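Asks: First the structure, which I've put down as structure tokens, then a few questions once you've had a look.
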Amino acid sequence: QVQLVESGGGLVQPGGSLRLSCAASGVIFVINAMGWYRQAPGKERELVASITRGGTTNYADSVKGRFTISRDNAKSTVSLQMNSLKPEDTAVYYCNCNARMLTQTEATDYWGQGTQVTVSS
């Protein structure tokens, strides 16, 4: 199994910033795409941002221009810099990766445990 450990959530005022980080561990052959999803109460989980191994990024329209995703392939980490936060960004944020372990023949999606982000005054 690939373990994903997230950090960096918390409470922030509207207009503030937070940085989420996620580290993958395990006997990993390759990590393909990495990304961040979020789920607000009563809503479905949605993609926030993703990044390929080569660095190509994709963002939800609602976060474009405010959030920046980055990754360090050597350290198997992915980060999400969130600026100009709004109350509607409040959600549990989940780290995700598509990875193949040394013992596998195909890649599988893995999820972190989630970290709460609350934007409120």
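Asks: Under the Cβ-under-4.7 Å rule, which cysteines of the chain stay unpaired?
Replies: C97
Asks: Report the label-to-label distance for R66 and N83 in nanometres (one decimal), using points 7 Å from each Cα along the Cα→Cβ vector.
Replies: 1.3 nm
Asks: Okay, next question. On the protein heavy atoms, probe 1.4 angstrom, tell me the percent of accessible surface of the chain carried by carbon and sulfur.
Replies: Of all accessible area on the chain, carbon and sulfur atoms account for 48 percent.
Asks: Does the stretch 70-109 come out rounded, prolate or oblate, given a ≥ b ≥ c as the square roots of the eigenvalues of its C-alpha gyration tensor, rounded meaning a/c under 1.5 and, failing that, prolate meaning a/b above b/c?
Replies: The shape class here is oblate.
Asks: Give the accessible surface of the chain per residue, rounded to a whole number of Å², with probe radius 1.4 Å and ligands, DNA and RNA excluded.
Replies: 53 Å²
Asks: Quick one: ranking K64, K43 by accessible area, 1.4 Å probe, largest first, what do you get? Present the calculation step by step, with values, prior to reporting the outcome.
Replies: Values: K64 120, K43 140 Å².
Solvent-accessible surface, decreasing: K43, K64.
The values are calculated or read from the model by the stated rules, or taken from the named source; none is laboratory data. These figures come from a predicted structure and were not determined experimentally. Positions of Cβ are backbone-derived with ideal geometry, glycine not excepted, and every protein chain shown enters the neighbour counts. Areas reflect the complete protein model, heavy atoms only, side chains present, ligands, DNA and RNA absent. Shrake-Rupley method; radii C 1.70, N 1.55, O 1.52, S 1.80 Å.
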